[in-house]
Structures are given as structure tokens and as C-alpha cells.
Amino acid sequence: MSTSSPVEVSRAGGVATVRLSRPEAMNSLDVATKNALRDALTEVAQDESVRCVVLTGSGRAFCVGQDLKEHVAGLRAGNADLAQTVFEHYNPIAELLATMDKPVIAAVNGVAAGAGAAFAMACDARVFSEAAAMNLAFSGIALSCDSGTSYWLPRLVGPAKAKELLFFPRTLKAAECLELGLATHVVGDAEFDGVVAQLAGALAVGPTKSYGAMRRSVAYAVGRDLSEALAFEAEQMQRTGSSADHAAAVEAFLAKEKPEFTGR
């Protein structure tokens with residue numbers, strides 16, 4: 001485990017846990033943290049020994065988005081450029097979370113706000129502790145939304161509800177997030193780490209290339225017609241059909257044995 005950075009990465013059993021580690025600042029995103037998070041996600045995305053990624057925070061927050069203290073200092077100095085950090089940091093982070101060729105779990109241990117909420121929405125599953133919450137806080141500081149919020153939020157809750165939550169931001173407790181579809185699981189604080197580990201472990205021994213193809217196919221099909229979706233599915237079927245895991249799995253099926261996947 002590396003602990004010299006505001007983002008810690010640990011690996012165990014095919015699972016890489018990427019942990020935001022600025023608890024004193026509620027894991028807000030200053031430049032150093034954004035750089036570290038982007039680089040950590042790039043690293044685990046490219047590491048074939050990693051078959052599932054967990055994104056989480058330390059302390060009482062998951063991530064509250066942009067570090068406003070650093071941003072205000074930049075505004076006062078006349079050198080704050082939000083467009084630059086969106087292109088340099090937020091967009092690559094969101095895209096890595098959504099498109100890496102392996103499943104990604106958001107372990108939402110506390111409040112997720114702004115870009116932090118968007119990062120959670122980019123993941124395949126969002127496990128909330130009972131103490132967790134979400135806030136689409138952008139309009140409260142007179143900003144548009146970023147980090148894929150406009151893409152994921154309406155797909156999870158519908159366009160009308162998405163605009164309501166963006167125009168009138170409020171803290172959504174875990175139970176409401178589950179009802180709206182923003183959370184996929186809500187578990188007691190005492191069981192939280194165990195449930196996340198169990199889910200990540202199950203995914204890490206599964207057919208990794210299959211999961212990657214499925215998440216790409218689901219994302220691609222949104223907003224496209226049937227013919228386009230079918231064509232993309234065919235491409236992904238060809239790719240997974242030539243995988244070692246597929247060959248092993250069909251042999252195991254014929255032998256009436258349980259397949260053992262290697263992620264290749």
C-alpha cells in the first residue's frame with residue numbers, strides 16, 4: 001500500500017481499492033488529489049492482475065468534490081480556470097471509472113457531493129453505508145454540473161428528477177438514494193466493509209472481460225437505435241468469444257464442472 005499521497009491504492013485477491021485519503025478536508029479534490037486519483041485509476045485500469053476496482057473515501061466523507069478553499073485562492077489570484085481542471089482531471093477520472101475493462105464499485109462511506117457524487121454514479125455498483133448521503137451541490141455555488149453528472153443522473157433518476165435535484169440541491173440520505181436508484185445497496189455501518197469486500201471478491205473471480213464488454217455495451221446502447229446496439233454487441237461478442245475464460249467455461253459446462261475464470 002502507498003500512503004505518501006492523498007490517494008492510497010491497495011491490492012488483495014484481484015481487487016484494487018483506491019481510497020481518497022484527505023479526511024481532514026472531507027476528501028475534497030485539490031490539484032494534488034485530482035492528479036493522484038487520475039494516475040491511480042489509470043494504473044489499476046491497465047493492471048491485468050486487477051479484476052475489480054473499489055473507489056472509496058476515508059473518514060466521514062466519500063468525496064465532497066472540488067476543494068473550494070484552493071479554488072477561492074485561485075479566484076482571488078486571478079488564475080482559477082475551471083475549464084482546465086475539467087479537461088485535465090474531472091473528465092479523465094469520470095471516463096476511467098466508466099470505461100475501464102473491469103467492474104468498478106463505489107463504496108460510499110459518507111457524503112458524496114458535486115464531482116464526488118458524479119464519480120460514484122460512474123461506477124457499476126454503489127454500496128452506501130447507512131451514514132452515507134449524496135448532494136448535487138453545483139448550483140449552490142453557481143456552477144454547471146461536471147464529471148458526467150448530466151450523463152448519469154438522468155439515466156438513473158429520469159430527466160425531470162435530475163433537473164429537480166440539480167436546481168434545488170439537498171442532502172439525500174442513503175434510504176432515499178436507494179429509492180431513487182442512486183444507491184444499489186444500503187447496509188449498516190458495521191457490515192459495510194464486509195459487504196463491499198464480498199461483492200468485490202465475487203466480481204474479482206468472475207469473467208472480467210465479459211463484465212468489461214457488458215458495461216461498454218450498456219453505455220453504448222443508451223441513445224442509439226437497435227441496429228447500432230446490435231452491431232456493437234456483435235463486436236463485443238467476438239472479443240469475448242475469443243477469450244481464454246470463454247473457452248474454459250464452455251469446457252467446464254460440458255464436463256458439468258464449475259468454471260474457474262482467470263480474467264483473460
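Summary of computed values
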quantity: Relative compactness, region 90-170, computed as alpha-carbon Rg over 2.2 N^0.38 Å; calculated: 1.04
quantity: Selection from P207, A98, G13, by position along the positive dipole direction of the chain (Cβ); calculated: A98
quantity: Rg over Rh, two decimals, the chain (C-alpha only, Kirkwood Rh); calculated: 0.99
quantity: Dipole moment magnitude, nearest 20 debye, the chain about Cα centre, only Lys, Arg, Asp, Glu C-beta charged; calculated: 260
quantity: Helix-derived mean residue ellipticity, 222 nm - over the chain, DSSP H n ≥ 4, -39500 (n - 2.57), to 500; calculated: -14000 deg cm²/dmol
quantity: Gain upon complete extension [A12, K258; 0.36 nm per residue less C-alpha separation]; calculated: 86.3 nm
quantity: Within the accessible area of region 45-130 (1.4 Å probe), percent carbon and sulfur; calculated: 52
quantity: Pair E43, E95: separation of 7 Å Cα→Cβ label points (nm); calculated: 2.1
quantity: For region 1-94: rounded, prolate or oblate by the Cα gyration tensor [a/c cutoff 1.5]; calculated: prolate
quantity: Most to least accessible of T184, T171, T33 (protein chains only, probe 1.4 Å); calculated: T171, T184, T33
quantity: Magnitude of the charge dipole, region 77-141, Cβ model with Lys/Arg +1 and Asp/Glu -1, debye to 20; calculated: 140
quantity: Tensor-based shape of region 138-238 (alpha-carbon gyration tensor, a/c under 1.5 rounded, otherwise prolate or oblate); calculated: oblate
quantity: Distance in nm between pseudo-label sites at E24 and E228 (7 Å out along the Cβ direction from Cα); calculated: 4.9
quantity: Accessible area, probe 1.4 Å, largest first, for residues S28, S144; calculated: S144, S28
quantity: Gyration tensor (alpha-carbon) shape descriptor, region 189-230, a/c threshold 1.5; calculated: oblate
quantity: Estimated Rh, region 208-264: Kirkwood, alpha-carbon pairs, angstrom; calculated: 12.3
quantity: Accessible area per residue in Å² at 1.4 Å probe, computed on region 68-208; calculated: 45
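The values are calculated or read from the model by the stated rules, or taken from the named source; none is laboratory data. What you see is a predicted model, and the numbers here were worked out from it, not measured in a lab. In this analysis, Cβ positions are derived from the backbone assuming ideal geometry, glycine residues included, and neighbour counts consider all displayed protein chains. Ligands, DNA and RNA are excluded from the accessible area calculation, which covers all protein heavy atoms including side chains. Shrake-Rupley method; radii C 1.70, N 1.55, O 1.52, S 1.80 Å.
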